[in-house]
Amino acid sequence: MRPAGLVAAAAVTALVAAGAITYAVAEDGGAHAHGPAPAAAASASAVPVPAADSADAGFARDMAVHHQQAVEMSYIVRDRTRDAEVRRLAYDIAQTQANQRGMLLGWLDLWELPKVSAQPPMTWMGMGDAAAGKDGALMPGMATDAQLEKLGRLSGRQAEIAYLQLMTAHHKGGLHMAQGCVARCTVAVEKRLAQSMVDGQQSELRLMAGMLKERGAKPGS
């Protein structure tokens, strides 16, 4: 694993427990807002646990993987450019998606469901036969290993353009998956997180389109 990946992984590990707490609080808050809280065990038993092959579990697993690559790309470009605007965007994406990834993994822990599946990625969306790409790109929008290696060799304006193009494709793939969860997931707090991803990534796509235009480049490679 690249150094950037190690840093990102360490940050994510620290957030897994927070994700589980967030889920418990979000599911529990409305029921106990106007009276004494019953025993925690009774509350937990009232929250339905998704099945291992559900959209809720599938989205949590797949988006955690998808997010991890975005974090890695953002750490790579941070060290390849001095441009304040790109570095700020990369930092925001890395922090936001590491936090969200921690929540997704925390929910899988809370549900006592595996973080990996024998099924192909995005099977929960009916895309199990078409989702897998080549050279490490496990899902739509993900960069290949060769693209990540190239990004790590570039610097300055070239690195900025490559990152913005790769992240644009990455966001489009992630946006499609998040919209799938909004439509298919049943856990309310997870649907809300997915909708926040849709809103946030649509805003960042517009921002990145403008940044590419300023650099005389287009979203496509």
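Any read-out appearing in this document is the output of simple, stated calculations on the displayed coordinates, not a laboratory observation. Since the model is a prediction, treat every value here as computed from it, not as a measurement. Virtual Cβ from ideal backbone geometry, glycine too; neighbours counted across all protein chains shown.
Here are some notes:
- P(r), alpha carbons of the range 49-150 - 10 Å bins starting at zero, rounded %: 15, 39, 32, 12, 1
- Over the range 79-198 - Rg/Rh using Cα atoms and the Kirkwood inverse-distance radius: 1.00
- Gained length - ASP92 relative to ALA118, 0.36 nm times residue gap less alpha-carbon distance: 6.1 nm
- The range 182-221: proportion of alpha-carbon pairs further apart than 11 angstrom, %: 66
- Amide H contacts of ARG80 (H built 1.01 Å from N, under 5 Å, at least 5 apart or other chain): none
- Label point distance in nm, ARG206-ASP109, each placed 7 Å from Cα along Cα→Cβ: 3.6
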